[in-house]
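Participant: One structure, pasted below without further comment.
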Amino acid sequence: MTEKSLSEIDLKALSNRTFFPSPAAWEDQVLYFMLLDRFSDGKETNFRGNDGKTVADGSTPPFQPTDGGNAIRTDADAAAWRDAGGRWVGGNLRGLTTKIGYLERLGITALWVSPVFKQISFQDTYHGYGIQNFIDVDPHFGTREDLKTLVDTAHANGIYVILDIILNHSGNVFSYNPDRYPTQNGMDSRWDGNPYNVQGFNDRTGNPSLPFVPGAAVGPDDAIWPSEMRDPASFTRKGHISNWDYFPEYLEGDFCDLKDITLGWGDIDDYTPSPALRSLCKAYKFWMAYLDIDGFRVDTVKHMDPGAARFFNSVVHEFSQSLGKENFYVIGEITGGRENAFNTLETVGMDAVLGIDDVQPKMDNLVKGSSNPADYFDLFRNSLLVQKDSHVWFRNKVVTQVDDHDKVCQGNDKARFCAGSDAWPKLLVNVLGLNTCTLGIPCVYYGTEQAFDGQGDNDRYIREAMFGGAFGAFRSKGRHFFNENAPAYVELAKILAVRRDKEALRRGRQYLREISGDGSNFGLPQIMGDRMLSVVPWSRLFNDEEILLALNTDPDNPREAWTVVDAGLHQNGDTLRCLYSTDPTQIGQLVAVNEIRPGLKAVPLTVPAAGFVIFE
């Protein structure tokens, strides 16, 4: 039975057991992120179960190429498919639990799950960011026990679990009574620094019929829970954000109709946490102890007071250490540019930041040949901004992704990597290799390993359902995508096996390498003309070991190039052996180190069309 008040939770009793230990190093891990509603409903058939055996008792068959577009054959069908993408589709915790083997065999070692907490009942906040009850699981997803079974199953398969959580705001739990800024549809409650009057807490139908006072008697689907949060002082009540970069508007304003929570007062070094923040801290400590999870991804850190973020981070790490989880990871979503992300992370003490500003587009553009490789690799170099060693900070402080559920960097034109051209799916293994074999903690967004190609003017188009349902990928419905024979899945699994075996690929420094077409004149690969069709090599160095990697941005033709290697680690005539190639006939082949001139050594590389290679 769900507690109504935080006072009913006995953290001491929940903590009296042995917990799953933290990883020694998070840069060793490979994360996988999914929107729970869009991943699995547990009704699939003809896929490999957690034990590796074929499951044949479900009802949803696997996708076949001829199924593409089966949901949009008429205008009415297409409209229904689009509409379904904005609503609950049906993924749940039990379905995800049955796919742990799918993730383990891919090489995933940490699972990042979108928010699972109970949502407001009158809106389709399938994404999980409209929380109504911070101490219960949304029934669309299942139960607390289902969530605990998921965590236990993941741990049994060597996979850590990170929960996506929100401190900055709740769901749409009350309605304003605005008295200014008239529009054609009434009054607009936009932020101007002053509080608004409130009509009342919203009931389960969205009607503000409940008294906006502390201790108001409400039902389980009404207002907000736990009861400690049901106090007007828990909310800033200053209306919605219009300018997302204006201070203090972005701190005090609502995310559209998601209601901003009052977290505290004061400067970061003299911060007083609010009762609401203390309540949220206890709620999330409850989930840590009850579930035995391994980390949090904290949403919208930019929009929180730095003092609140630091306070929460301290509470979480002290509590996790009391549980014996010495490296519980707190990953902050910090938008607002590269400098803001770095400074915020350093100031509040969280463990890592989710991406930094332009990592995604520069990774994407490199592989597609539309930007110079140095634009991406320079993101990880030592600089006055980073104020750190060339590899130490980025190695375990930045979580990198190719695709994600927002693609904020793309504005209103959302697209996965594979969208827009028949050439891009050919290059998918390249971008996955680049993401997982360069600095940072790599994260795979669900469906990318199946070459999903969602694109459109709304987030829904990059949130296709892996299990098909009414809003499947490739404009389909009723077909699932848990295909372990899919080319990108197969190749990524091989790459991650090499990464797991080679410490340099997880912890090493990295250097973009110069290339030459004639073996004499060397320079960094760069655009010549409209698009770069070239070998792009880089090295990871760790403890006097060099791993040389390269990709080919040409989707149709193999490319050759002389590639620089570390002159101090290799002698003339030494050889490097191919550990992995998208052309399996290359694996095991040797290339010789040649001394081009004193202080410059290089090897001849041939990289298959749209290919990726790893040499040691």
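The values are calculated or read from the model by the stated rules, or taken from the named source; none is laboratory data. Predicted model, so just to flag it, every value in this text is computed and none were measured. Cβ atoms come from the backbone with ideal geometry, glycine included; neighbour counts cover every protein chain shown.
Participant: Can you tell which of PRO62, PRO115 is surrounded by 15 or more Cβ atoms within 10 Å (Cβ to Cβ) and either within 22 Å of LYS494 (Cβ to Cβ) or in contact with a His (Cβ under 6 Å, 6 or more places away or on another chain) (or both)? Lay out the reasoning, then the answer.
Facilitator: On the way: PRO115 fails: either within 22 Å of LYS494 (Cβ to Cβ) or in contact with a His (Cβ under 6 Å, 6 or more places away or on another chain) (or both).
That would be PRO62, the only listed residue that is surrounded by 15 or more Cβ atoms within 10 Å (Cβ to Cβ) and either within 22 Å of LYS494 (Cβ to Cβ) or in contact with a His (Cβ under 6 Å, 6 or more places away or on another chain) (or both).
Participant: Filtering the stretch 521-554 down to residues that are among the small types (Gly, Ala, Ser) and free of Cβ contacts under 8 Å to residues at least 24 places away in the same chain, which residue is farthest from VAL565 (Cα to Cα)? Please lay out each step first, then the result.
Facilitator: If we filter the stretch 521-554 for residues that are among the small types (Gly, Ala, Ser), which is where we start, we get 523, 529, 534, 539, 550.
Cutting the leftovers down to free of Cβ contacts under 8 Å to residues at least 24 places away in the same chain gives us 523, 529.
Numbers: GLY523: 13, GLY529: 27 Å.
The extreme case among them is GLY529.
Participant: Can you report the number of residues in the stretch 228-243 which are assigned to a loop (DSSP other than H, G, I, E, B) and over 21 Å from VAL213 (Cα atoms)? Please lay out each step first, then the result.
Facilitator: Restricting attention to the stretch 228-243, the residues satisfying the condition of being assigned to a loop (DSSP other than H, G, I, E, B) are 230-231, 236-239, 241-243.
The next check asks that each one be over 21 Å from VAL213 (Cα atoms); those that pass are 241-243.
Looking only at that region, the number is 3.
Participant: Restricting the search to the stretch 575-615, which residues are among the charged types (D, E, K, R) and surrounded by fewer than 16 Cβ atoms within 10 Å (Cβ to Cβ)?
Facilitator: Step one: of the stretch 575-615, the residues among the charged types (D, E, K, R) are 577, 583, 595, 597, 601.
Selection gives ARG577, GLU595, ARG597.
Participant: Please indicate, with yes or no, whether at least one residue in the stretch 390-404 is assigned to a helix (DSSP H, G or I), of a type in the set (Asp, Glu) and at pLDDT 90 or above. So that I can check it myself, show each step before the final result.
Facilitator: As a first pass, look at the stretch 390-404 and keep what is assigned to a helix (DSSP H, G or I): 392-397.
So of that shortlist, the ones also of a type in the set (Asp, Glu) come out as none.
The answer is no, given that none of the residues of the stretch 390-404 is assigned to a helix (DSSP H, G or I), of a type in the set (Asp, Glu) and at pLDDT 90 or above.
Participant: Where in the stretch 428-521 are the helices (runs of 4 or more DSSP H), entirely inside, with at least 2 residues that are on the phi < 0 side of the Ramachandran plot and under 17 Å from the mean Cα position of the chain (by Cα)? Reasoning before the result, please.
Facilitator: Working: elements: 428-436, 487-501, 503-507.
Ranges flagged: 428-436.
Participant: Please pick out the residue among THR60, THR98 that is among the polar types (S, T, N, Q), in contact with an Asp or Glu (Cβ under 9 Å, 6 or more places away or on another chain) and either over 24 Å from CYS443 (Cα atoms) or without any contact (Cβ under 8 Å) to a residue 24 or more places away in the chain (or both).
Facilitator: Numbers: THR98 fails: either over 24 Å from CYS443 (Cα atoms) or without any contact (Cβ under 8 Å) to a residue 24 or more places away in the chain (or both).
One residue alone meets the criteria, THR60.
Participant: For the stretch 9-59, name all the residues that are buried (at least 22 other Cβ atoms within 10 Å of the Cβ) and of a type in the set (Phe, Trp, Tyr).
Facilitator: Result: TRP26, TYR32, PHE33, PHE39, PHE47.
Here's the yes/no breakdown for (1) out of contact with any Cys (no Cβ under 7 Å at 6 or more places or on another chain); (2) surrounded by fewer than 20 Cβ atoms within 10 Å (Cβ to Cβ):
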site: GLY336; (1), (2): yes, yes
site: GLU339; (1), (2): yes, yes
site: PHE342; (1), (2): yes, no
site: VAL348; (1), (2): yes, no
site: VAL353; (1), (2): yes, no
site: PRO361; (1), (2): no, yes
site: ASN365; (1), (2): yes, yes
site: LYS368; (1), (2): yes, no
site: ASN372; (1), (2): yes, yes
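Participant: Still on this model: For ALA419, all conditions in the list (1) at pLDDT below 95; (2) part of a loop (DSSP other than H, G, I, E, B) hold save one; what is the number of the exception?
Facilitator: Of everything listed in (1) at pLDDT below 95; (2) part of a loop (DSSP other than H, G, I, E, B), ALA419 misses just condition (1).
Participant: Scan the stretch 361-371 and tell me whether some residue there is β-branched (Val, Ile, Thr), outside any helix (DSSP H, G or I) and closer than 28 Å to ARG513 by Cα.
Facilitator: Checking the stretch 361-371: not a single residue is β-branched (Val, Ile, Thr), outside any helix (DSSP H, G or I) and closer than 28 Å to ARG513 by Cα.
Participant: In addition: Any residue that is modelled with pLDDT under 95 and not polar (S, T, N, Q) - is there at least one of those in the stretch 322-335? If you could, list the steps in order and put the result at the bottom.
Facilitator: To start, the set of residues in the stretch 322-335 that are modelled with pLDDT under 95 comprises 333-335.
Checking which are not polar (S, T, N, Q) leaves us with 333-334.
Yes: the stretch 322-335 contains one or more residues that are modelled with pLDDT under 95 and not polar (S, T, N, Q).
Participant: Mind listing just one residue for me: the one in the stretch 560-589 that is of a type in the set (D, E, K, R) and part of a strand (DSSP E or B) and, of those, farthest from LEU496 (Cα to Cα)?
Facilitator: Taking the stretch 560-589 as the starting set, the residues that turn out to be of a type in the set (D, E, K, R) are 560, 566, 574, 577, 583.
Narrowing further to those that are part of a strand (DSSP E or B): 560, 577.
Working: GLU560: 25, ARG577: 18 Å.
By that ranking, first place goes to GLU560.
Participant: Name, by its number, the condition in (1) touching a Ser or Thr at 6+ places or on another chain (Cβ under 8 Å); (2) in contact (Cβ under 8 Å) with a residue 40 or more places away in the chain that does not hold for GLY332.
Facilitator: Tallying (1) touching a Ser or Thr at 6+ places or on another chain (Cβ under 8 Å); (2) in contact (Cβ under 8 Å) with a residue 40 or more places away in the chain, GLY332 fails exactly one: (2).
Participant: Could you list, in sequence order, the residues of the stretch 397-443 that are among the basic types (Lys, Arg) and either surrounded by fewer than 23 Cβ atoms within 10 Å (Cβ to Cβ) or more than 26 Å from ASN327 (Cα to Cα) (or both)?
Facilitator: Going through the stretch 397-443, the residues among the basic types (Lys, Arg) turn out to be 397, 407, 414, 416, 426.
Residues satisfying the conditions are LYS407, LYS414, ARG416, LYS426.
Participant: What number of residues within the stretch 54-80 satisfy the criterion of being charged (D, E, K, R) and within 29 Å of the chain's Cα centre (by Cα)?
Facilitator: Looking only at the stretch 54-80, we keep the residues that are charged (D, E, K, R), and these are 57, 67, 73, 75, 77.
From what's left, within 29 Å of the chain's Cα centre (by Cα): 67.
Adding up the residues that qualify gives 1.
Participant: Taking the stretch 244-264 as the region of interest, how many residues are touching a residue at least 40 places away in the same chain (Cβ under 8 Å) and either hydrophobic (A, V, I, L, M, F, W, C) or not in a strand (DSSP E or B) (or both)?
Facilitator: Just the residues of the stretch 244-264 that are touching a residue at least 40 places away in the same chain (Cβ under 8 Å), to begin with: 245, 248-255, 257-261, 263-264.
Among the residues that remain, those that are also either hydrophobic (A, V, I, L, M, F, W, C) or not in a strand (DSSP E or B) (or both) are: 245, 248-253, 255, 257-259, 261, 263.
Final tally of qualifying residues: 13.
Participant: Being under 20 Å from LEU505 (Cα atoms), without any contact (Cβ under 8 Å) to a residue 60 or more places away in the chain and in contact with an Asp or Glu (Cβ under 6 Å, 6 or more places away or on another chain) is true for just one of VAL603, VAL564. Which residue is that? Lay out the reasoning, then the answer.
Facilitator: Working: VAL603 fails: in contact with an Asp or Glu (Cβ under 6 Å, 6 or more places away or on another chain).
The unique qualifying residue is VAL564.
Participant: Enumerate the pairs (first residue in the stretch 575-597 and within 14 Å of GLY611 (Cα to Cα); second residue anywhere and in a loop (DSSP other than H, G, I, E, B) and polar (S, T, N, Q)) with beta-carbon separation below 8 Å, excluding pairs fewer than 6 apart on the same chain, so at least 6 apart or on different chains.
Facilitator: CYS578/GLN589
Participant: Could you check the stretch 1-101 for helices (runs of 4 or more DSSP H) lying wholly inside it with 1 or more residues that are β-branched (Val, Ile, Thr) and on the phi < 0 side of the Ramachandran plot?
Facilitator: Working: elements: 11-14, 75-84, 93-97.
Here the list reads 93-97.
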